[in-house]
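Working notes for the structure below.
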Amino acid sequence: SGDKFVTTHYPDSVAKVWNATTGEVLKTCGGHKGKVGMAVFNNTGNNILTTSEDGTAKLWDVNTGTLLYTFNNQYSLRLTTAMFSSVGDKVITNYNGVSKIWNTSTGAVLFDVNGHTAQINKVLINTQGTKVATLSGDTTRINAKVWDTNTGKYLYSLIGHNFPIRWVEFNGGG
């Protein structure tokens, strides 16, 4: 509804939710042990996903400021990306080449998305939340792959360019 926005300040380990009309701080989401790099709302605006240099992503209730789940990686790798599926039922995190798909209702990892030989630079979930594309720094022509988010199964690679793919995007229909 556009009545709130969220900010992070890189040296801090918190994200703040603000009233977009008055500029008043409504909630402070703290609890990371490292600098917070990003914060995003889900599609309903009821949850926030934050990422940190501590290697975690955290899911917050916007209205109460309550921490719902912490998504940990067991690889001690730096968290590079995190995002919601468009319907908000899944979160995908990326840890330098290993992506994970998580259930936002339980906080449980559903699948590891793994199959690149270099760091994954971009992840994108389609509109329906059924597929995820991963784009890596692989120097081969097979650096963009698509996966099923319901099964974790590798579906196919995007092959056809003479050089590695630099960008991938689903259309609005997904």
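Some observations on this one:
- With all protein chains modelled, accessible area of SER105 [1.4 Å, Å²]: 90
- Of the trypsin sites (Lys or Arg not before Pro) found in the range 110-174, the ones in coil according to DSSP and having at most 13 other Cβ atoms within 10 Å of their Cβ are LYS153, ARG166.
- Rounded to two decimals, the Cα radius of gyration of the chain over 2.2 N^0.38 Å is 1.06.
- Among the listed pairs LYS16/LYS145; LYS4/LYS100; LYS27/LYS153; LYS16/LYS153; LYS4/LYS153, a Cα-Cα separation exceeding 32 Å is found for LYS16/LYS145; LYS27/LYS153; LYS16/LYS153; LYS4/LYS153.
- In this structure the chain gives 49 Å² per residue of accessible area when probed at 1.4 Å with all protein chains present.
- Calculated from the alpha-carbon coordinates, the range 1-67 shows an Rg and a Dmax of 11.0, 33 Å respectively.
- Projecting the Cα positions of PHE163, GLY55, GLY23 onto the charge dipole of the chain (unit charges on Cβ atoms of Lys, Arg, Asp and Glu, taken about the Cα centre) puts PHE163 furthest along the positive direction.
- In summary, the aspartates and glutamates within cross-link reach of LYS122, defined as a Cα separation below 15 angstrom excluding same-chain residues under 8 places away, comprise ASP138, GLU169.
- ASP3 contributes about 70 Å² of solvent-accessible surface, heavy atoms of the protein only, 1.4 Å probe.
- Share of carbon and sulfur in the accessible heavy-atom surface of the chain [1.4 Å probe, %]: 51
- GLU169 exposes around 110 Å² of accessible area when a 1.4 Å probe is run over every protein chain in place.
- Eligible aspartates and glutamates near LYS33 by straight Cα distance, threshold 16 Å, same-chain separation 8 or greater: ASP12, GLU53, ASP54
The values are calculated or read from the model by the stated rules, or taken from the named source; none is laboratory data. Only a predicted model underlies this, so the values are computations on that prediction, with no experimental measurement involved. Here Cβ is always computed from backbone atoms with ideal geometry, including for glycine, and neighbour counts include all displayed protein chains. Areas reflect the complete protein model, heavy atoms only, side chains present, ligands, DNA and RNA absent. Shrake-Rupley method; radii C 1.70, N 1.55, O 1.52, S 1.80 Å.
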